[in-house]
Amino acid sequence: MNEEIYDVTIIGGGPAGLFAAFYSGMREMKTKIIEYLPYLGGKVPYFYPEKVIRDIGGIAQATGEEVTDQLVEQAMTFDPEVVLGEQVVDMERMDNGHFQLLSSNGNIHYSKTVILATGFGTLHSVKLDHPEAVYYEEKSLHYTVRKLADYYDQHVLISGGGNSAVDWALELENIAKSVTLIHRRNQFKGLESSVTKLKNSEVNVMTPYEIKALYGTDGQVEKVVLSHLEDETKEQALEIDRLVVNHGFQINLEPITSWGLEMIDGMIAVDSSMQTSVEGVFAIGDIAHYPDKLGLIAGAFNEGPIAANHAKKIADPEDPVQHLFSTNYAGFTDEE
Ligand SMILES: Cc1cc2nc3c(=O)[nH]c(=O)nc-3n(C[C@H](O)[C@H](O)[C@H](O)COP(=O)(O)OP(=O)(O)OC[C@H]3O[C@@H](n4cnc5c(N)ncnc54)[C@H](O)[C@@H]3O)c2cc1C
């Protein structure tokens, strides 16, 4: 077992965790990021990689994917250890004051301090409730649209009745050969303006329908049979190339709520140093609660350095809590 001790371990590799990793590196802390998903970026690549973000200072506009790429590049500046595909399920303080973190796969990590950048917890898309779905997942059945270009000239079926389903139907209408949107109910829950736009669009809207059968080969879905929920004579078959399922998602914060941290409204209470009720454990980003908190990426970019500076003081008590400007830091290797 690897018993290497890190100065700071950041749980969660979303915007908050990534920027905190950059800043911890600049404070010359031995840094580790542990992320449940198989990739970094958190909610941004998960929910809106192709949407345009316009409220980060200094970036007039950039897609979720572009912002994520920059954040990851920046976070890797000081070579933090990155562990992907692991959910941290338990945290315990050991007799020597260090923390022991247990992952769901049994791995144990040791750290002098911990920064929780977990958002509202691990994200799980609600899967298509069909035994054959697993054969098509990731190849032609998707729970989120990662690259619009993959849908170019394709016959796309979207299943779902919320904002995501309606938004993707409208977005893909301009790219795909055809877009069909099905929903179990006759009403959509998307924003009123989007639903109105949908009504005026070329999207083939079918309600109340659900997927009854999937046909295809080697993970490529070719045909679906749709059953009408009120009239079985209206069953229809549809030839498709891609299926997008937007049946919502579940967020699991459960393990963290049992770690003895003070919680307020489902978030972790922090003081002005971003420290939680447990000394040496900090929280930043969406999960951190303090008066007048804004759940913005830009806010998380301030919280990470505050937490890292105070974590540094614990990991290395001789060091002062000091603020560094990157322009004054001499440790970058790419400077002339
Ligand atoms: C559709 C949508 C559009 C948005 N648009 C904007 C916008 O335009 N501008 C803006 O500023 N904000 C926007 N936001 C909000 C923004 O995405 C969040 O504020 C931001 O992602 C928060 O970053 P975070 O790092 O705190 O959390 P997250 O991005 O949620 O990342 C947390 C990460 O922690 C991981 N994790 C959780 N628990 C564990 C665990 N136990 N072990 C290991 N890993 C764990 C998760 O897998 C996740 O990857 C939007 C959000 C949504 C949903």
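Given the criterion over 21 Å from T144 (Cα atoms), open to solvent by 20 Å² or more (accessible area, probe 1.4 Å) and in contact (Cβ under 8 Å) with a residue 24 or more places away in the chain, identify the matching residue among Q187, Q250. Show your work before the answer.
Values: Q250 fails: over 21 Å from T144 (Cα atoms).
That would be Q187, the only listed residue that is over 21 Å from T144 (Cα atoms), open to solvent by 20 Å² or more (accessible area, probe 1.4 Å) and in contact (Cβ under 8 Å) with a residue 24 or more places away in the chain.
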Selection status of G41, assigned to a loop (DSSP other than H, G, I, E, B), within 10 Å of the ligand (Cβ to nearest atom), touching a residue at least 40 places away in the same chain (Cβ under 8 Å) and not hydrophobic (A, V, I, L, M, F, W, C): no
Answer residue from the stretch 320-331, given it is at pLDDT 85 or above and open to solvent by less than 80 Å² (accessible area, probe 1.4 Å) and is nearest to M274 (Cα to Cα) among those: S326
Test for A60: is it open to solvent by less than 70 Å² (accessible area, probe 1.4 Å), more than 9 Å from the ligand (Cβ to nearest atom) and farther than 20 Å from S125 by Cα: no
Unique residue being small (G, A, S), in the same structural domain as Y110 (by TED's automatic domain parsing) and farther than 21 Å from L18 by Cα when the list is S277, S227: S277
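Report yes if T257 is more than 16 Å from the ligand (Cβ to nearest atom), open to solvent by 20 Å² or more (accessible area, probe 1.4 Å) and β-branched (V, I, T), otherwise no. Can you show your working first?
Details: more than 16 Å from the ligand (Cβ to nearest atom): no; open to solvent by 20 Å² or more (accessible area, probe 1.4 Å): yes; β-branched (V, I, T): yes.
Against the criterion (more than 16 Å from the ligand (Cβ to nearest atom), open to solvent by 20 Å² or more (accessible area, probe 1.4 Å) and β-branched (V, I, T)), T257 does not qualify.
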Some residue of the stretch 137-157 being away from the ligand (no atom under 16 Å from the Cβ), β-branched (V, I, T) and over 24 Å from the mean Cα position of the chain (by Cα): yes
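The values are calculated or read from the model by the stated rules, or taken from the named source; none is laboratory data. This is a predicted model, so every value here is computed, not measured. Here Cβ is always computed from backbone atoms with ideal geometry, including for glycine, and neighbour counts include all displayed protein chains. Just so you know, the surface numbers come from the protein's heavy atoms only, side chains and all, with ligands and any DNA or RNA stripped out. Shrake-Rupley method; radii C 1.70, N 1.55, O 1.52, S 1.80 Å.
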